[in-house]
Amino acid sequence: MARGIPRTDVLITLMGSPHGSDLVTSVLRLVESLLRREASVQVWACGYATLLTQEGLGESKPRNLADWSVDYPSTATVIRGMLAAHPGRFHWYGCRFCSDDRGAVAHVPEVRLRAPGAFAENVGAADRTLFVGVL
């Protein structure tokens, strides 16, 4: 097992722009489904996906003008909730280089930033690896 990286059933590498498609929603639903099946999961956010866990996103998304009364959680809040609900089975990592390159340096505390050279350790700690997004 890699140093400091817990063994997991699945590693999902999330790449690409977080709001250009349904990519993020699909990954979060996949993670949720895997966790319901008692799988252990790690996500490695790379590229612009590192913006998903920024503290600056706050607890909620901006209000929807079409339905002002509905409060939707931010991606950071959704991810924090999933991490809290599945301690030891769900881990979220961010690529330090991609974060720094995009000025995404204030992640929620539960996110662990790692150098891109450490990615191989995450792959080695997972039984299966899935790449989602732009390569």
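The values are calculated or read from the model by the stated rules, or taken from the named source; none is laboratory data. All values derive from a computational prediction rather than experimental measurement. When we count neighbours, we look across all protein chains shown, and the Cβ atoms used for this are built from the backbone with ideal geometry, even at glycine. For the accessible areas, the whole protein counts, side chains as well, though only heavy atoms, and no ligand, DNA or RNA atoms are used. Shrake-Rupley method; radii C 1.70, N 1.55, O 1.52, S 1.80 Å.
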Quick one: in the range 77-107, of everything that is assigned to a loop (DSSP other than H, G, I, E, B) and open to solvent by 40 Å² or more (accessible area, probe 1.4 Å), which residue is nearest to M15 (Cα to Cα)? R102
Verdict on D67 being out of contact with any Ser or Thr (no Cβ under 7 Å at 6 or more places or on another chain), more than 21 Å from V134 (Cβ to Cβ) and assigned to a loop (DSSP other than H, G, I, E, B): yes
For T13: the one exception among (1) assigned to a helix (DSSP H, G or I); (2) touching a residue at least 60 places away in the same chain (Cβ under 8 Å); (3) of a type in the set (S, T, Y); (4) crowded, with 16+ Cβ neighbours inside 10 Å: (1)
Regarding the range 26-38, can at least one residue be identified that is modelled with pLDDT under 95, assigned to a helix (DSSP H, G or I), among the small types (G, A, S) and farther than 15 Å from V111 by Cβ? yes
Hey, among the residues in the range 42-76 that are aromatic (F, W, Y) and touching a helix residue (DSSP H, G or I) at 6+ places or on another chain (Cβ under 9 Å), which one's surrounded by the most Cβ atoms within 10 Å (Cβ to Cβ)? W44
